[in-house]
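The values are calculated or read from the model by the stated rules, or taken from the named source; none is laboratory data. The structure displayed is predicted, hence computed values, not measured ones. Here Cβ is always computed from backbone atoms with ideal geometry, including for glycine, and neighbour counts include all displayed protein chains.
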Amino acid sequence: MRTIKRDAPILLEVNNLSTDFLVAGQEPAHALVDINFRLREGEVLGIVGESGCGKTTLMLSLMRLLPANGRITSGQINFMNNDLLDLSEREMGDVRWKNIAMIFQGAMNALNPVHTVGRQIAEAIIQHNYITDKKAVTDRVVELLELVGIGAERKDQYPHQYSGGMRQRAMIAMALACNPQVVIADEPTTALDVMIQAQILELLGTLRDKLGLSILFVTHDLGVVAEMCDTVLVMYGGVTAEYANVDTIFNAPQHPYTQELLRAFPDLTKPMEKLISIPGYPPRLNALPAGCRFAPRCPHAFGRCHVEAPPLHGVQDRHFASCHLVEPESNISPETPEFPGKSNEL
Amino acid sequence: MSDTAVSTTSIRGFWRSFRRSRMGLIGLFMFLVVVLMAVFAPAIAPYDPKEVVRVTIDDIYAAPSAEHWLGTDDAGRDVLSNFIYGSRVSLIVGFFASFISIFIGSFVGIVAGFYGGRAENILMRFTDIMLVIPDLPLAVVIVALTKPSLWNIIFVIGALGWTGSARLVRSQTLAVKQRKFVLRARSIGAGNMHIIRYHILPMVLPLIVVNTVLVISLAILNESTLSFLGLSDPTALSWGQMLNFAFTRGAMSARAWWALVMPGLGIVWAVLACTLLGQGLEQVLNPRLETHHLAVGVQMVDRGAEVQA
């Protein structure tokens, strides 16, 4: 397995990011609360969680593309020493796609059915004046398509003439159009069969190595996480449940939610193990439990869990979990070490 | 054709789909007949309606004869020639008024649907007000206050007929706006104008095209109504005006049915043509109907054996 350098430069640093959705006549729904992570150069960070736990909201917050009622209420998104939340809409428009590009969930919907695929890839290039010469734009489109394994002769075809896997490849080509440093892949393999899924993952892996991309990989497929990711952020109901590198998440998970999630996933080495399903449902954002958001479904919940929301505790070097059970015993002051902190101890 | 939102990508493909709609074909045929009649009016018409004729009492409301196939009107002029020339005015009004309507309607609909918020509120409430006011009395008032010229008629009809298109275009814009490729375009960094031009308009265009054809028929009807009420340019002879003259100048008591029936038939013909054509276009342009999957027909079974019908 490939390991990234622990001291590769940090590209994207998210500190205490919180996002609300305004609801008419009601308290705003807290869709994201204090999300922290760091993305290093060449790193693949997996973001895992059930449907509705805020994965897509997090991605859209990073791009500042939330729907009209979404509000980022606190935090910083530091990208190459700039806080993206301080940028004007115009500067942000420049960052999108040139620096941070996105592979959208459901390629069929993200492609306009009335334009050829080639033209839609060119759209991004032209929008950013990345290349202005017409001939060069066409060359670049061909180059991008070939990079993702689509023949140049298919650039003048329409999305409905593409197969599902090809559409997803075209979306990847589109994301790479302006040579971004960070690619956000929002469930790029959902709705594809396993063979195509494997091809797409392999393609993303090659592109990462070839172009030195950092990838934010949103998925709810733990198999994909194990295969692709270097670090994992497990989300539950809009908060961080656990954040660690991929080996730790799979071998020594600390948060009960992560443990349950893994037990709900088949393990080839233990074929006789019974699969469980976590009882209950993820919390509704307008009816959150008082304490820990996972407490109502947690097998280890005790009294304190139902009244007090646990902060994110540092378990080990670069391993964080938000659970009262992992609270360091020696911790005299209840203050947890500032996450991830400016002191570079991560 | 590559710029328009047809599910078929070429004019030939378009025609192949359109051919499958029998109603559309009939409409197209009827439409072409009227258009050709209007264009080649001087060549087809046996008499020039503007020509000064010396009239005797026998020429007024003369029954159809070899000389006048459809008889004569109250001024002793040939009804067939009037009818052929009248198609010109009706079509001109129909086309231009509907273009004005569609332009206003599409603009209002796209702006309201795309921008939403206060702009939408103001525009759509204004549309509602326009929708509630009965068109005909308002048109009568406006035409009566202005000079009854052909262009005034066109503007009045055009300025009153856009409400339906505006609502239609708005609802389609709202639907398209939610599609993910609009979000993608925005994340690429595209501005509003780019998104409207490149992503919204092509998706709304089929609706606009179909609606234009349907509005033409409405405009022709409106023009006929205004003319029948004597509110049109008296020098521009249209079908509605022929009806007006026949009605007010005693065609009924003279039992001159030919002076009434022909212009009435002409109006019905043109309106029916537009409606059928609109229906046919809708079937082809509506991407949901996906006609191209059915376009091959029985030849799709290509295993060599005889195919049962």
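Examine segment A:171-191 for a residue that is assigned to a helix (DSSP H, G or I), without any contact (Cβ under 8 Å) to a residue 40 or more places away in the chain and either within 10 Å of chain B (Cβ to nearest Cβ) or surrounded by fewer than 23 Cβ atoms within 10 Å (Cβ to Cβ) (or both), and state whether such a residue exists. No; the residues of segment A:171-191 include none that is assigned to a helix (DSSP H, G or I), without any contact (Cβ under 8 Å) to a residue 40 or more places away in the chain and either within 10 Å of chain B (Cβ to nearest Cβ) or surrounded by fewer than 23 Cβ atoms within 10 Å (Cβ to Cβ) (or both).
A:Leu45 falls short on exactly one of the conditions (1) within 13 Å of another protein chain (Cβ to nearest Cβ); (2) touching a Cys at 6+ places or on another chain (Cβ under 7 Å), and that condition is (1). Residues in segment B:149-188 that are touching a Ser or Thr at 6+ places or on another chain (Cβ under 6 Å) and surrounded by fewer than 19 Cβ atoms within 10 Å (Cβ to Cβ): 1 in all. Checked against the criterion of being within 14 Å of chain B (Cβ to nearest Cβ) and touching a residue at least 60 places away in the same chain (Cβ under 8 Å), segment A:131-150 contains not a single residue that satisfies it. Residues considered: B:Phe83, B:Phe99, B:Phe107, B:Phe114. Of these, the only one that is farther than 21 Å from B:Leu201 by Cβ and assigned to a helix (DSSP H, G or I) is B:Phe83.
Inspection of segment A:92-112 finds no residue satisfying the criterion of being more than 10 Å from chain B (Cβ to nearest Cβ) and under 20 Å from B:Val204 (Cα atoms). Does at least one position in segment A:159-171 carry a residue that is over 21 Å from the mean Cα position of the chain (by Cα), closer than 22 Å to B:Lys177 by Cα and not hydrophobic (A, V, I, L, M, F, W, C)? Within segment A:159-171 (the criterion being over 21 Å from the mean Cα position of the chain (by Cα), closer than 22 Å to B:Lys177 by Cα and not hydrophobic (A, V, I, L, M, F, W, C)), the answer is yes, since at least one residue qualifies.
None of A:Gln197, A:Gln259 is more than 28 Å from A:Met108 (Cα to Cα) and of a type in the set (S, T, N, Q) except A:Gln259. Of all residues in segment A:294-343, those that are within 24 Å of the chain's Cα centre (by Cα), at pLDDT below 85 and assigned to a loop (DSSP other than H, G, I, E, B) total 7.
Residues checked against (1) in contact with a Pro (Cβ under 6 Å, 6 or more places away or on another chain); (2) in a helix (DSSP H, G or I); (3) modelled with pLDDT under 90; (4) surrounded by 20 or more Cβ atoms within 10 Å (Cβ to Cβ):
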site	(1), (2), (3), (4)
B:Ala190	no, no, yes, yes
B:Ile200	no, yes, no, yes
B:Pro206	no, yes, yes, yes
B:Val210	no, yes, yes, yes
B:Val213	no, yes, yes, yes
B:Ile216	no, yes, no, yes
B:Ile220	no, yes, no, yes
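Just checking: which of the strands (runs of 3 or more DSSP E) contained wholly in segment A:198-279 hold 1 or more residues that are under 27 Å from A:Gly164 (Cβ atoms) and of a type in the set (Phe, Trp, Tyr)? Break it down stepwise before answering.
Working: elements: A:214-219, A:231-236, A:239-245.
Per the criteria, A:214-219.
Does segment A:140-151 contain at least one residue that is in contact with a Pro (Cβ under 8 Å, 6 or more places away or on another chain), under 16 Å from A:Met102 (Cα atoms) and in a helix (DSSP H, G or I)? Within segment A:140-151, none of the residues are in contact with a Pro (Cβ under 8 Å, 6 or more places away or on another chain), under 16 Å from A:Met102 (Cα atoms) and in a helix (DSSP H, G or I).
Within segment B:129-147, does at least one residue satisfy the condition of being away from chain A (no Cβ under 14 Å), of a type in the set (Asp, Glu), free of Cβ contacts under 8 Å to residues at least 40 places away in the same chain and assigned to a helix (DSSP H, G or I)? Explain how you work it out, then say what you get.
Here is the first cut: in segment B:129-147, the ones away from chain A (no Cβ under 14 Å) are B:129-147.
Now restrict to residues that are of a type in the set (Asp, Glu): B:135.
Next, from what is left, pick out any that are free of Cβ contacts under 8 Å to residues at least 40 places away in the same chain: none.
Looking for residues that are away from chain A (no Cβ under 14 Å), of a type in the set (Asp, Glu), free of Cβ contacts under 8 Å to residues at least 40 places away in the same chain and assigned to a helix (DSSP H, G or I), one finds none in segment B:129-147, hence no.
Would you confirm whether any residue within segment A:113-129 is farther than 18 Å from A:Met171 by Cα, more than 9 Å from chain B (Cβ to nearest Cβ), in a strand (DSSP E or B) and at pLDDT below 90? No: segment A:113-129 contains no residue that is farther than 18 Å from A:Met171 by Cα, more than 9 Å from chain B (Cβ to nearest Cβ), in a strand (DSSP E or B) and at pLDDT below 90. Would you check if B:Met23 is more than 29 Å from B:Ser253 (Cα to Cα), at pLDDT 90 or above and among the hydrophobic types (A, V, I, L, M, F, W, C)? Against the criterion (more than 29 Å from B:Ser253 (Cα to Cα), at pLDDT 90 or above and among the hydrophobic types (A, V, I, L, M, F, W, C)), B:Met23 does not qualify. Has segment B:94-115 got any residue that is within 14 Å of chain A (Cβ to nearest Cβ), touching a residue at least 24 places away in the same chain (Cβ under 8 Å) and either under 30 Å from B:Ser149 (Cβ atoms) or among the hydrophobic types (A, V, I, L, M, F, W, C) (or both)? Taking every residue of segment B:94-115 in turn, at least one turns out to be within 14 Å of chain A (Cβ to nearest Cβ), touching a residue at least 24 places away in the same chain (Cβ under 8 Å) and either under 30 Å from B:Ser149 (Cβ atoms) or among the hydrophobic types (A, V, I, L, M, F, W, C) (or both).
If you go through segment A:96-112 and keep only what is part of a loop (DSSP other than H, G, I, E, B) and either closer than 28 Å to A:Leu39 by Cβ or of a type in the set (D, E, K, R) (or both), you end up with A:Asn99, A:Phe104, A:Gln105, A:Gly106, A:Leu111. Considered as a group, the residues in segment B:166-178 that are in contact with a helix residue (DSSP H, G or I) (Cβ under 8 Å, 6 or more places away or on another chain) and within 12 Å of B:Phe114 (Cα to Cα) include one that is nearest to the other protein chains (Cβ to nearest Cβ), and that residue is B:Val176. Is it the case that segment B:151-165 has a residue that's in contact with a helix residue (DSSP H, G or I) (Cβ under 7 Å, 6 or more places away or on another chain) and within 14 Å of chain A (Cβ to nearest Cβ)? Within segment B:151-165 (the criterion being in contact with a helix residue (DSSP H, G or I) (Cβ under 7 Å, 6 or more places away or on another chain) and within 14 Å of chain A (Cβ to nearest Cβ)), the answer is no, since none of the residues qualifies.
Of everything in segment B:18-61 that is among the aromatic types (Phe, Trp, Tyr) and assigned to a helix (DSSP H, G or I), the residue that is farthest from B:Leu265 (Cα to Cα) is B:Phe18.
The strands (runs of 3 or more DSSP E) located wholly in segment A:1-72 that include 1 or more residues which are on the phi < 0 side of the Ramachandran plot and without any contact (Cβ under 8 Å) to a residue 60 or more places away in the chain occupy A:10-21.
Scan A:Ser18, A:Ser51 and give me the residue that is closer than 23 Å to A:Gln168 by Cα and more than 14 Å from chain B (Cβ to nearest Cβ).
Values: A:Ser18 fails: closer than 23 Å to A:Gln168 by Cα.
Of A:Ser18, A:Ser51, the one residue that is closer than 23 Å to A:Gln168 by Cα and more than 14 Å from chain B (Cβ to nearest Cβ) is A:Ser51.
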